[in-house]
Amino acid sequence: MDTRHWITRIDRITEDFKNDFGSLTAEQLNWKQHANAWSIAQNVHHLIVINETYYPVIREIRANTYSVPWIGKIGFMRRFFARVILNSVQPDRKRKMKTFPLWEPSASAIGADILRKFEEHQASLRKLINESSDLLDKGVALSSPANKNIVYTLADAFEIIVTHEARHLEQAREVYRAYQKSVYH
């Protein structure tokens, strides 16, 4: 399966994060509008955390030690879950969502090197996607790392991951606009 559409989007998102926030200080990256809001740094950290939870699953699939739950063998269930999850991570951010505890970002201040770490992570994700063409061709199914009963194909997982990254880029931009208002008004 051709993976270029995901790679192109990953590269664009990585560049947008660097261009939009690369010159910010650690204090600016960690600024929050209120106690329950996420900072720019937390949005970035969250993406690294969530994406990396897929890595062990894909390694198990590759090693033939992964067993998809019975529900994952039902095509319409995989399509249903993929559609629901993909709709929930759209960048328009019309609906607020709470993440699974497994994917919560660090609550403490995050270092200014988070964008460098994100760039390194994106290179790793790009490599993983490129090396998964054979699994994509087979239509491999997997469970969400957060819930074994939420199943979809690996192709859907990559689409969800990349779309979710675009959502958090928009969320980080909203945080930055709020920061600018707080400083300049």
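All of the numbers you see were taken from the coordinates with simple rules; none came from a lab. Every value quoted in this text rests on a predicted model; they were computed, and no experiment measured them. Here Cβ is always computed from backbone atoms with ideal geometry, including for glycine, and neighbour counts include all displayed protein chains.
A simple count of charges around Ile40, restricted to other residues whose Cβ falls under 13 Å of its Cβ and scoring Lys, Arg +1 and Asp, Glu -1, yields -1. You can think of it this way: the chain between Ser124 and Asn149 has 6.3 nm of extra reach, that is 0.36 nm per residue less the Cα-Cα gap. For the residues Asn130, Asn147, Asn36, a GNM of the chain with alpha-carbon springs under 10 Å puts the largest fluctuation on Asn36. Between Lys138 and Thr53, the modelled labels are 2.4 nm apart [label points 7 Å from Cα along Cα→Cβ].
Sorting Phe17, Phe80 by the number of Cβ atoms found within 10 Å of their own Cβ, with the fewest placed first, yields Phe80, Phe17. Within a straight-line Cα-Cα reach of under 18 Å, Lys18 can be paired with the following aspartates and glutamates, leaving aside sequence neighbours fewer than 8 residues apart in one chain: Glu27, Asp113, Glu119, Glu120, Glu165, Glu170, Glu174. Among Leu128, Leu115, Leu169, the largest mean-square fluctuation in a Gaussian network model of the chain, built with springs joining Cα atoms closer than 10 Å, belongs to Leu128. With the simple model of a label 7 Å out from the Cα in the direction of the Cβ, Asp113 to Glu15 spans 2.7 nm.
Give the residue from Asn36, Gly75, Pro145 lying farthest towards the positive end of the charge dipole for the chain; charges sit on Cβ (+1 for Lys and Arg, -1 for Asp and Glu) and the dipole is referred to the Cα centre. Checked the options; the winner is Gly75.
Spatial offset of the stretch 158-185 relative to the stretch 1-41 amounts to 7 Å, using the alpha carbon center of each. The Cβ shell under 14 Å around Tyr66 holds other residues with a net charge of +4, Lys and Arg each +1, Asp and Glu each -1. Exposure proxy shown here: for His46, His168, His34, His5, the number of other Cβ atoms within 10 Å sets the order, fewest to most, as His34, His5, His46, His168.
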